[in-house]
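What follows is a short report on a single structure.
The values are calculated or read from the model by the stated rules, or taken from the named source; none is laboratory data. The shown structure was predicted, so the numbers you read here are calculated from the model rather than taken from an experiment. Neighbour counts are summed over all protein chains in view; Cβ atoms, including those assigned to glycine, are modelled from backbone coordinates with ideal geometry. SASA here: full protein model, heavy atoms, side chains in, ligands and nucleic acids out. Shrake-Rupley method; radii C 1.70, N 1.55, O 1.52, S 1.80 Å.
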Amino acid sequence: MNSIETNRQLAIRFVELMAQNQVEKFGEVVAEDYRQHNPMVKPGLAGIVEGGRWFHSVFPDVKVRVEQVVVEGDMVVGRFTWTGTQRGEFMGIAATGKTVTWASMDQWRVADGKLAEHWDVVDWAGLTQQLQAK
C-alpha cells in the first residue's frame, strides 16, 4: 500500500473506531503526543480516548458515513456524516432520546505512521437545533 492509501486508511480507521466505541484501540492509529486543536478535547492519546468515551456516553449508537477522504502528502482531510441518538447531556441539553444527524470535516497530519495532529469543523449549531426542536 502506498503512503497516500496508508494515510487515507488511518483516517477511516479512526472514525470507524470512534463509531464502534473501540476508543481503547486509538493507539493503533493515534500518536501518544496527539495534538488536538479542538478545545473541547484534551491533548494527547489519553485526551482523545477520554473524548471518545464522553462522545459515546452521549451518542452510544452513533454511526458514521465516510463521504470523502483526500490525502496530500502528510495531510488527510475527511468529510463525514454522523447519526446518533442522544442518551446523555450534550452542551447543557439533557438527554432527549432524539436521533440526530450532523456533519464534520476533519483534518489530520500524519507522522511516523500515525495521526499526529487534528483540526475539525463540526456542525454543532445544526446538531443543537435538532436536539432543541419540539
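At a glance:
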read-out	value
Condition broken by Q86, with the remaining ones in (1) exposed (fewer than 15 other Cβ atoms within 10 Å of the Cβ); (2) farther than 16 Å from Q9 by Cα satisfied	(1)
Restricting the stretch 35-55 to residues that are part of a loop (DSSP other than H, G, I, E, B) and among the hydrophobic types (A, V, I, L, M, F, W, C), the residue that is least open to solvent (accessible area, probe 1.4 Å)	V41
Output for the stretch 95-134, where each listed residue is among the acidic types (D, E) and assigned to a strand (DSSP E or B)	D106, E117, D120
Tabulated pairs, the stretch 112-134, first over 29 Å from E72 (Cβ atoms), second open to solvent by 70 Å² or more (accessible area, probe 1.4 Å) and of a type outside the set (D, E, K, R), C-beta under 8 angstrom, 6+ apart or interchain	T128/M91
Residue list for the stretch 1-34, restricted to those being touching a helix residue (DSSP H, G or I) at 6+ places or on another chain (Cβ under 9 Å), assigned to a helix (DSSP H, G or I) and free of Cβ contacts under 8 Å to residues at least 40 places away in the same chain	R13, L17, V23, E24, K25, F26, G27, E28
Selection status of W124, at negative phi and out of contact with any Ser or Thr (no Cβ under 7 Å at 6 or more places or on another chain)	yes
Count - residues of the stretch 73-94 that are within 14 Å of V62 (Cα to Cα) and either touching a Leu at 6+ places or on another chain (Cβ under 6 Å) or outside any strand (DSSP E or B) (or both)	3
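Listed here are the residues, each with its yes/no results for (1) of a type outside the set (S, T, Y); (2) farther than 14 Å from V122 by Cβ; (3) surrounded by fewer than 18 Cβ atoms within 10 Å (Cβ to Cβ).
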| site | (1), (2), (3) |
| --- | --- |
| I4 | yes, yes, yes |
| L17 | yes, yes, no |
| D33 | yes, yes, yes |
| V64 | yes, no, no |
